[in-house]
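Quick note: the coordinates plus some simple rules give every number you see, no bench work behind them. Keep in mind the model is a prediction, meaning the values are calculated, not measured. Here the Cβ is made from the backbone with ideal geometry for all residues, glycine too, and neighbour counts use every protein chain on show.
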Amino acid sequence: MNVELQINNSVSARAGFVTWSPSPCRVRVTNPTGATTPTVSIVITARSTATGGVVAFRTGTTGQFSASITVPVPINGTSVPFFTVGRFGRPSLSLGDVVVEARFGNTLVGSVPCTVRIRKNANTLTAPERDRFIAAFAQLNNQGMGRFADFRNMHTRASDPEAHGAPGFLPWHRAYLLDLERELQAIDPSVALPYWRFDQPAPNLFTRDFIGVSDALGTVQFSPANPFRFWVTDGVPGINRRPFFNTSAAPPGVRTEAQTFALGTTYLAFRGPMEGNPHGQAHVSFDGSISSIPTAAKDPLFFLLHCNVDRLWAKWQRQNGRFDPAVAASYSGSPNNRIGHNLPDTMWPWNGVTTPPRPSTAPGGTMASAPAAAAPGPQPRVEQMLDYRGTVNAISRLGFDYDDVPA
Ligand SMILES: [Cu+2]
């Protein structure tokens with residue numbers, strides 16, 4: 001007998017990725033040889049390494065997850081649904097370090113590799129995780145000739161009002177990071193964006209082997225093996241960044257996480273002040289391109305900074321139950337908001353709109369798709385960025401999670 005296991009309802013190897021939120025899965029018999037009944041009992045479990053990813057299963061849309069489930073599967077080839085989830089605190093360390101297995105009696109009848117792919121603190125990545133992230137990001141840049149140029153062009157003076165100073169600030173940057181992360185995953189599917197926790201020291205991030213060390217003039221230095229040394233934007237090689245804090249020992253002077261969460265429990269109370277500090281304050285804790293909106297996205301550190309901004313929003317959403325766009329306190333829509341900043345609005349540049357008040361170009365095209373998550377589709381709307389875990393509606397799941405934000 002043989003069965004086929006589909007993670008995220010797909011046989012594609014690109015779909016074998018889970019987070020802390022349930023992924024829909026299927027099992028079906030592809031070869032019934034040896035079965036003596038119209039329906040057989042298939043036991044689904046997973047094999048993990050001592051330190052890497054761990055997953056659990058359940059048969060229905062509600063209830064507890066467990067290490068093993070028994071699923072009655074018809075031998076006529078009909079698919080039977082089940083759900084898989086990463087166990088919080090046990091993300092993968094490498095591609096496919098979990099193997100989902102199906103047994104009929106004692107016989108292994110199917111298996112598929114799976115990865116618990118989670119956004120982690122940059123300061124605590126393993127060296128291989130760090131190096132895979134850098135390699136994928138450097139390849140996206142491709143010495144200034146790669147697809148990264150689109151992401152650079154999406155975050156400029158012209159696009160400033162699409163993305164900043166209004167309620168859409170957090171949703172727009174969530175979409176922007178997700179689009180970039182999916183491009184990185186098309187290069188290396190093991191990669192997730194790491195975050196720079198800017199209210200804590202990050203001595204392992206500000207090294208020549210990772211995001212670089214600035215010399216007295218602000219030119220960022222890399223070790224010979226670091227592919228970031230070939231970084232080029234706007235036709236200019238290198239990165240200019242001069243920190244105003246001791247990167248090897250201290251964080252910049254920004255609002256701590258606890259102070260940020262204390263801003264309030266409504267989006268109205270939270271977004272504006274946090275956009276100023278810690279977000280803006282983290283940007284201007286350096287001199288150089290990252291300190292100003294028109295040039296900030298030239299520096300790869302920008303994406304780790306914003307990943308933490310997004311993580312703060314995610315953690316705040318969880319603490320306060322703010323995933324549902326239909327709950328007023330989850331967002332601050334208003335008829336006075338500029339277009340692009342209300343829940344039903346599509347976001348530039350993914351919507352391709354280039355008539356005023358939108359910018360005159362829409363670089364990068366539509367949102368990258370992902371085999372492991374159906375949402376948000378090619379032209380994301382503001383409201384689709386809120387329920388990123390599918391808490392309110394499973395179909396909304398965007399396919400990412402943070403190492404310290406449980407389900
Ligand atoms: Cu921005």
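In this simple spin-label approximation, Ala250 and Gln200 carry label points 7 Å from Cα along the Cα→Cβ vector, and these lie 1.9 nm apart. Full extension of the chain segment joining Phe230 with Asn76 gains 49.9 nm, where the gain is 0.36 nm per residue of separation less the Cα-Cα distance. In terms of surrounding Cβ atoms within a 10 Å radius of their Cβ, Ile7, Ile293 rank from fewest to most as Ile293, Ile7.
Residues considered: Leu205, Leu217, Leu343. Largest GNM mean-square fluctuation over the chain, using C-alpha springs under 10 Å, is found at Leu217. Taking Cα atoms only, the orientation of helix 127-141 departs from the longest principal axis of the chain by about 70 degrees.
Relative to the dominant Cα principal axis of the chain, helix 301-320 is inclined by about 60°. A simple spin-label model places pseudo-atoms 7 Å from Cα toward Cβ; at Ser292 and Ser94 they are separated by 4.5 nm.
Note on the chain: GNM, Cα springs under 10 Å; of Phe244, Phe302, Phe261, the largest mean-square fluctuation is that of Phe244. If one takes the longest principal axis of the Cα atoms in the chain, at what angle in degrees, from 0 to 90 and to the nearest 10, does the Cα axis of helix 169-187 lie? Tilt of helix 169-187: around 60 degrees.
Please label the shape of region 191-247 as rounded, prolate or oblate, based on the square roots a ≥ b ≥ c of the eigenvalues of the alpha-carbon gyration tensor (a/c under 1.5 means rounded; beyond that, a/b larger than b/c means prolate, else oblate). Oblate, because a/c is 1.5 or more while a/b does not exceed b/c.
How would you classify region 324-407 from its alpha-carbon gyration tensor, with a ≥ b ≥ c the square roots of the eigenvalues: rounded for a/c under 1.5, else prolate if a/b is greater than b/c, otherwise oblate? Oblate shape, in that a/c is at least 1.5 and b/c is the bigger or equal ratio. Placing a pseudo-label 7 Å from each Cα along the Cα-to-Cβ vector at Arg338 and Ser360 gives an inter-label distance of 1.7 nm.
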